[in-house]
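The values are calculated or read from the model by the stated rules, or taken from the named source; none is laboratory data. Just so we're clear, the structure is a prediction, and the values are computed from it rather than from any experiment. With ideal geometry, Cβ positions are generated from the backbone for all residues, glycine too; neighbour counts draw on all protein chains shown. Please note that ligands, DNA and RNA were not included when accessible areas were found on the heavy atoms of the full protein model with its side chains. Shrake-Rupley method; radii C 1.70, N 1.55, O 1.52, S 1.80 Å.
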Amino acid sequence: MTKFQVYDNFLLPSYANYLETLMLSKSIKWEHQDHMDHDDSYPQKVLGILDEGYSIAHNTMYHALAGMIGQIIDQLMPDQHPVRIRGVKQRNITDNIQFYPPHTDMTDDGGYSLIYYPTDCTGDTYLFAEKDINDVSFVENNDTSNYNWEPTDQVSPKKNRMIVFPSNNYHAGSPPLEIRYLINFNFLPLNNLT
């Protein structure tokens with residue numbers, strides 16, 4: 001059965017408080033995204049931090065996360081490197097759904113996704129056994145809209161909690177009661193650098 005790896009109190013309290021303060025700061029310029037990932041019905045705000053492993057989109061946040069990236073590599077992912085980091089801010093919606101449409105972060109086999117919760121909030125994250133591998137979908141035409149999704153694991157957000165799972169596994173967040181903040185990291189094996 002596919003499960004999240006859960007790390008509570010991943011960072012020292014002072015570092016976790018700093019990241020929380022920074023994420024809630026009015027100096028962060030969130031960009032509106034009309035839809036989440038491949039779905040066209042739920043908007044969210046995003047903060048591009050790192051893209052394609054080398055393009056630093058938001059210097060302040062990237063530098064604030066440098067220590068955390070080092071800790072992730074040292075403690076969890078010694079043979080991986082970050083290829084994408086982004087902040088996500090989601091608000092309550094009026095639809096009564098258990099979770100948003102499931103998606104993958106990447107289809108590369110061997111990659112990992114990490115979700116860090118910088119604040120206490122609601123809006124659980126769900127994991128599913130289904131996966132796409134190297135751009136090959138488990139359903140015809142990549143149409144998962146009518147698929148009967150059955151979660152294999154569920155984790156509640158909590159300040160300074162981080163979850164880890166294979167990037168090609170389908171996963172989904174769920175609507176918060178108010179606002180849900182997270183930082184999403186995507187890692188690939190070092191041999192991907194060549």
- Of 26/159; 26/158; 3/89; 29/131; 3/158, pairs whose Cα-Cα distance is over 26 Å: 29/131
- Paramagnetic label zone (point 7 Å from Cα along Cα-to-C-beta, residue 29; backbone N under 15 Å) in segment 64-106: none
- Of all the Cα-Cα pairs you can form in segment 1-111, what percent are over 23 Å apart? 41 percent
- Message: With unit charges on the beta carbons (Lys and Arg positive, Asp and Glu negative) and the dipole taken about the Cα centre of segment 1-95, which residue among 12, 87, 54 sits farthest to the positive side?
- Response: 12
- the chain - percent of accessible surface contributed by carbon and sulfur, probe 1.4 Å: 47 percent
- Message: Restricting to DSSP loop positions (anything but H, G, I, E, B) with no more than 16 other Cβ atoms inside 10 Å of their own Cβ, which chymotrypsin sites (Phe, Trp or Tyr not before Pro) remain in segment 32-132?
- Response: 54
- Note on the structure: In whole Hz, the Karplus estimates of ³J(HN,Hα) for segment 159-168 (6.51, -1.76, 1.60; θ = phi - 60°; x where Gly or Pro) are 3, 6, 9, 10, 10, 10, 6, x, 4, 8
- Item | Estimated dipole of the chain in Debye, rounded to 20 [Cβ of Lys and Arg +1, of Asp and Glu -1, Cα centre] | 940 debye
- Message: Name the residue from 152, 173, 183 whose Cα lies farthest towards the positive end of the charge dipole of segment 89-192, charges +1 on Cβ of Lys and Arg and -1 on Cβ of Asp and Glu.
- Response: 183
- Note on the structure: For the chain, the Cα gyration tensor yields equivalent-ellipsoid semi-axes (√(5λ), largest first, whole Å) of 24, 21, 16
- Hey, with R₀ at 22 Å, roughly what FRET efficiency would residue 74 and residue 109 work out to, going by the Cβ-Cβ distance, to 0.05? 0.40
- Task: Mind jotting down the distance between the C-alpha centroids of segment 1-18 and segment 24-94, whole Å?
- Result: 16 Å
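Any number yet on Rg/Rh for segment 51-138, C-alpha, Kirkwood?
Rounded to two decimals, Rg over Rh is 0.98.
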- Query: Modelled label-to-label distance, residue 148 and residue 12, 7 Å Cα→beta-carbon offset: nm?
  - Reply: 5.2 nm
- Item | Of 93, 49, 85, the one that fluctuates the most in a GNM where the chain has Cα springs shorter than 10 Å | 93
- Over the chain, with neighbouring protein chains present, the accessible area per residue in Å² at probe 1.4 Å is 51 Å²
